[in-house]
Every structure is written in structure tokens, then in C-alpha cells.
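The values are calculated or read from the model by the stated rules, or taken from the named source; none is laboratory data. In this text, all values refer to a predicted model and were calculated from it rather than measured experimentally. Neighbour counts run over all protein chains shown; Cβ positions are idealised from the backbone, glycine included. For the accessible areas, the whole protein counts, side chains as well, though only heavy atoms, and no ligand, DNA or RNA atoms are used. Shrake-Rupley method; radii C 1.70, N 1.55, O 1.52, S 1.80 Å.
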Amino acid sequence: MALHHNIGGELTQELLAVGGGIDVQKISITNTHASITCTVDLYIEKKLTGTFYLIKGVAIPVGATFIYQDGVRFTTKVNQFSLYIKLTQGASEIPSVDVIIS
């Protein structure tokens, strides 16, 4: 089952919470803004262990899709990882992306 998110703005947003029981194998991020490149950080966090970046500072051009499928799988089961995304504003525009997690 795939999960879908529409993300906009510069705040860090949780995509998957710990305890959700989701096994993640692939993440697709599409820049949906009409005119700006979007810079993306995507990372997982585990309480008392730390933050681990899957991608950091990756620029996704207008209309382009970045697919994270590195063979590295993680889970959001109890005592495991949460998944977060942070977008960085380009010029004076607010970035926006669609995220599909499978």
C-alpha cells in the first residue's frame, strides 16, 4: 500500500510516525511548483539514536521526480524510525512537492 503526501512550505514535516508499522522500500518526491527548484532533506530519526539523512540538500528541478530506492529498507514499527522531510525555499517562492511512499 502506497502513502501519498502533498507538502508545501519550509517547515520540517513528519511523513511517517514511529509505531506506524510501515516498511519503507521506495520514496518518490516530485517538485510540483510551477517555477522554482526545490531543495529537499529527507531523513529518519530514532529516539536516543539520532538523525540519519537519506538525502540532504538535493535540488529537484521544476516538474522532476527524485526516487529514493537505495536497497536500504527501514520500518516505522514501535521503537524504530520516524521519517521526515524538509523543503528549502527558492527565491521568494514557497516550495511544494508530492511524496509517494511504498
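State which residue is farthest from the chain's Cα centre (by Cα) when the search covers only the stretch 68-86 and only residues that are modelled with pLDDT under 95 and among the aliphatic types (A, V, I, L, M). So, considering only residues that are modelled with pLDDT under 95 and among the aliphatic types (A, V, I, L, M), the one farthest from the chain's Cα centre (by Cα) is Val78. If the condition is being in contact (Cβ under 8 Å) with a residue 60 or more places away in the chain and surrounded by fewer than 14 Cβ atoms within 10 Å (Cβ to Cβ), then the stretch 72-86 contributes Val78, Asn79.
Which count do you get for residues in the stretch 92-102 that are aliphatic (A, V, I, L, M) and either open to solvent by less than 60 Å² (accessible area, probe 1.4 Å) or over 21 Å from His4 (Cα atoms) (or both)? Steps first, answer last, please.
Taking the stretch 92-102 and keeping what is aliphatic (A, V, I, L, M), we get 94, 97, 99-101.
Checking the rest, the ones that are also either open to solvent by less than 60 Å² (accessible area, probe 1.4 Å) or over 21 Å from His4 (Cα atoms) (or both) come to 97, 99, 101.
Qualifying residue count, the stretch 92-102: 3.
Does Ile60 satisfy the criteria of being over 14 Å from Ala17 (Cα atoms), open to solvent by less than 40 Å² (accessible area, probe 1.4 Å) and touching a Cys at 6+ places or on another chain (Cβ under 9 Å)? Yes.
When restricted to residues that are open to solvent by 40 Å² or more (accessible area, probe 1.4 Å), within 16 Å of Pro95 (Cβ to Cβ) and either touching a residue at least 60 places away in the same chain (Cβ under 8 Å) or β-branched (Val, Ile, Thr) (or both), the stretch 1-57 contains 10.
Restricting Gln89, Gln69 to residues that are in contact with a Pro (Cβ under 9 Å, 6 or more places away or on another chain) and either open to solvent by 30 Å² or more (accessible area, probe 1.4 Å) or among the charged types (D, E, K, R) (or both) narrows the list to Gln89.
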